[in-house]
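Read the figures in this text as sums done on the coordinates, not as results from a lab. Note that the coordinates shown come from a computational prediction; the quantities given were computed from them, not determined experimentally. Using ideal geometry, Cβ is built from the backbone for each residue, glycine included, and neighbour counts are taken over all protein chains shown.
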Amino acid sequence: MSTFQAPKGTYDLLPPDSATYLAVREAIAAPLRGAGYGYIETPGFENVELFARGVGESTDIVTKEMYAFETKGGDRLALRPEGTASVLRAALEANLHKAGNLPVKLWYSGSYYRYERPQKGRYRHFSQVGAEAIGAEDPALDAELIILADQAYRSLGLRNFRILLNSLGDRECRPVYRAALQDFLRGLDLDEETLRRAEINPLRVLDDKREAVQKQLTGAPLLRDYLCDACKAYHEEVRELIGAAGVAFEDDTKLVRGLDYYTRTTFEFVHDGLGAQSAVGGGGRYDGLSEMIGGPELPSVGWALGVDRTVLALEAEGVELALPATTSVYAVPLGEEARRVLFAKVTELRKVGVSTDFCFGSKGMKAAMKSANRSGARYALLLGERDLAENVVQLKDMESGEQTALGLDEVVAELESRLG
Ligand code: ATP
Ligand code: MG
C-alpha cells in the first residue's frame, strides 16, 4: 500500500520552517494586542447560511469556493472560508455589543478553507490573522487598523508592500453609482456569466482580473465621482490620519475586493514579489453586515492578513527572521546512573526557565555531540561515571569548545544566571 499524502492544495508546516509561521502570526498579533484588541476563537465550521448571507450569495467564495456539507443530523454546515462573518456572529450571540463599550475590538488567528485552483500562494487550506472593530463609525478606527497592519509588516522587516485604498460609498451614494456602472457594463462585450454578475453585483466586475475585461473598463464611471459628501469627508479624514502617521498609501479607485459586505473604506496590502497572488491582506468597513446576519445596526471595520503569503513575501525579499535557537542546553549522559541524575537536572533546568533538551536513546558520544550541535544549544552538559564519582558535571561551551567542570549542585543556578 502506498503512503498517504496531504490533500491537494494543502501542505504541512514542519520544523524548522514552521517556526517562521509562528513568528509571523505573533508579529501580526503583537500590535493588535498592544492596541486593545482581545483574542477570539470561533469554530472551524458554521451554518452555511451565515456565509451565504454574510459573505454574499454572488461572491466566488460562496458560489465556488466553499466546502459545504450536510451532517448526519441534517445540519447544513460549511468550513469557514473567512473570519469576519463568524466573529460578528459570535459577538452578537454573546451580546458583546451591549456591554456599553463600543467598539468591541477583537483579533483572531486560524485556518480557513476555500476550494480553489491550487497554485503558489493559493491553497485550499490557509492561515489568516485578522482583526475586527465592531460597533463604531469613526475614521480613526479605520486608520488605526491600517496603521497596525503596516506596523506588523514593518516589524517583520518587509519593505516592498503597498497599501491600496478606496472608498465604496454607503447606502446613500452607492446605489446611484451602481446604476451608472450597470448602464455602462450593459453596453460592453462581456460573456454571459459576467453580464449576470453585472446585474447582481456590478462593482465586482471591476475586480475582474482578465485583460480582455479590464481593457473595456477603461472608461467606466468611477465611484470617486459619485461619493456623497458624508462619504467624501469620512474618506478624506481616513487618508489624513494614515498620512499623518507616516504610512504611505495609494488611492486605487477600482479597488472593490471580493466580498459583498464592504462599505466606505476598503484597502488591500499587496506585495510586488509574489506574482499573480499579490494580495497579502485586505479589509475594510462593513457597516451593513450585522443587519445582513440578523443583528442590529453595528458599523464595523476589519482586516485579515494571510500568513502563507506573508511568509512567501518574506522569502521574496530575502528577509530571514532572527529566530532564537529553541534549545539553550543539551544534556548528554554516559552510563545508566549518570542518565538518571542528568535527567533530573534537565527537569530542574526547565523549571527555572532554561530551555533544555536531553540525549534520548542509546547514542554513542560522537552521535550525541552531533545532536547537541544540531539543536543549536549554547551549552552541552556532559555527565560521565568519573564526573559522577567527583560530584561534578562538564559544561561545554558549544561556540568556543571550552569545557569546565561545575559542581552538580551548582550547575542549575549557574546556567540560570548565564541564560535566564
Ligand atoms: P485573492 O484575490 O488573492 O483571491 P481574496 O480577496 O480572496 O484574495 P481575502 O478574502 O481578502 O482574499 O483574504 C485575505 C487574505 O487571505 C489574502 O490577502 C491572502 O493573503 C489570504 N488568502 C485568501 N485566500 C487564500 C488562499 N486560497 N490561499 C492562501 N492565502 C489566501
Ligand atoms: Mg480569493
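Name the residues whose placed amide hydrogens come within less than 5 Å of the amide hydrogen of Tyr330, ignoring near sequence neighbours (fewer than 5 apart) on the same chain.
Amide H neighbours of Tyr330, under 5 Å, 5+ apart: Asp357, Tyr379, Ala380, Leu381.
Which of the aspartates and glutamates could a cross-linker span from Lys351 if the Cα-Cα distance has to be under 19 Å and same-chain partners fewer than 8 positions apart are dropped?
Asp409, Glu410, Glu414, Glu416
For the range 193-272, state the semi-axes of the equivalent ellipsoid (square roots of 5 times the eigenvalues of the alpha-carbon gyration tensor), sorted largest first and rounded to whole angstrom.
Each semi-axis is the square root of five times an eigenvalue, giving 25, 16, 12 Å.
For Ala325 and Glu26, what is the calculated FRET efficiency with R₀ set at 22 Å and r taken between the beta-carbons, to the nearest 0.05?
Working from the Cβ atoms, E equals 0.85.
Note the angle between two axes, namely the Cα long axis of helix 139-155 and the longest principal axis of the Cα atoms of the chain, as a number of degrees from 0 to 90, rounded to the nearest 10.
Here the helix axis deviates by roughly 40 degrees.
Suppose the chain between Asp272 and Arg224 were pulled fully straight at 0.36 nm per residue; how much longer would it get relative to their current alpha carbon spacing?
Extra length available between Asp272 and Arg224 comes to 14.7 nm.
Just from the alpha-carbon atoms, what are the Rg and Dmax of the range 329-418 in angstroms?
11.7, 31
Return the FRET efficiency for the residue pair Gln182, Lys8: r is the Cβ-Cβ distance, R0 is 35 Å, and the value is rounded to the nearest 0.05.
0.40
Which entries of Lys120/Lys254; Lys366/Lys396; Lys64/Lys209; Lys98/Lys232; Lys64/Lys215; Lys215/Lys254 have Cα-Cα distances beyond 21 Å here?
Table pairs above 21 Å Cα-Cα are Lys120/Lys254; Lys98/Lys232; Lys64/Lys215.
Quick check on the exposure proxy: order Glu268, Glu49, Glu237 from fewest to most C-beta atoms within 10 angstrom.
Glu49, Glu237, Glu268
Comparing Leu203, Leu14, Leu168, which has the greatest mean-square fluctuation in the GNM of the chain with Cα pairs linked when under 10 Å apart?
The residue with the greatest mean-square fluctuation here is Leu14.
Apply the Karplus curve 6.51 cos²θ - 1.76 cosθ + 1.60, θ = phi - 60°, to the phi angles in the range 23-34 and return the couplings in whole Hz, x for Gly and Pro.
For the range 23-34, the Karplus curve yields 5, 5, 4, 5, 5, 6, 6, 4, x, 5, 4, x Hz.
Between the helical axis of 84-93 and the dominant principal axis of the chain, each derived from Cα atoms, what acute angle in degrees is found, rounded to the nearest 10?
Rounded to the nearest ten degrees, it is 90.
For the chain, modelled as a Gaussian network with Cα springs under 10 Å, which listed residue fluctuates most, Arg196, Arg285, Arg174?
Result for the chain, Cα springs under 10 Å: Arg196 fluctuates most.
Kindly provide the helix-only [θ] at 222 nm of the chain, computed as the sum of -39,500 (n - 2.57) over DSSP H runs of four or more divided by all residues, to the nearest 500 deg cm²/dmol?
Roughly -11000 deg cm²/dmol at 222 nm, from the helical runs in the chain.
Quick one: in the chain, what % of C-alpha pairs are over 27 Å apart?
Taking all Cα-Cα pairs of the chain, the fraction more than 27 Å apart is 61 percent.
Could you point to the residue in Gly384, Ser371, Ala413 farthest towards the positive end of the range 329-418's charge dipole, with +1 and -1 charges on the Cβ of Lys/Arg and Asp/Glu respectively?
It is Ser371, whose Cα lies furthest towards the positive end.
Per the Kirkwood definition applied to all pairs of different Cα atoms, how many angstroms is the hydrodynamic radius of the range 138-258?
One decimal place: 15.9 Å for the Kirkwood radius.
Rounding to the nearest 20 debye, state how big the charge dipole of the range 95-137 is about its Cα centre with +1 on each Lys and Arg Cβ and -1 on each Asp and Glu Cβ.
300 debye
If you take the Cα Rg of the range 284-370 and divide it by 2.2 N^0.38 Å, with N the number of residues, what do you get?
Computed over Cα atoms of the range 284-370, the ratio equals 2.11.
Using a Förster distance of 51 angstrom, determine the FRET efficiency expected from the C-beta separation of Thr71 and Glu193, and round it to 0.05.
Calculated value: 0.95.
Which percent of the Cα-Cα distances in the range 1-130 go past 23 Å?
Tail of the P(r) past 23 Å holds 44 percent of the pairs.
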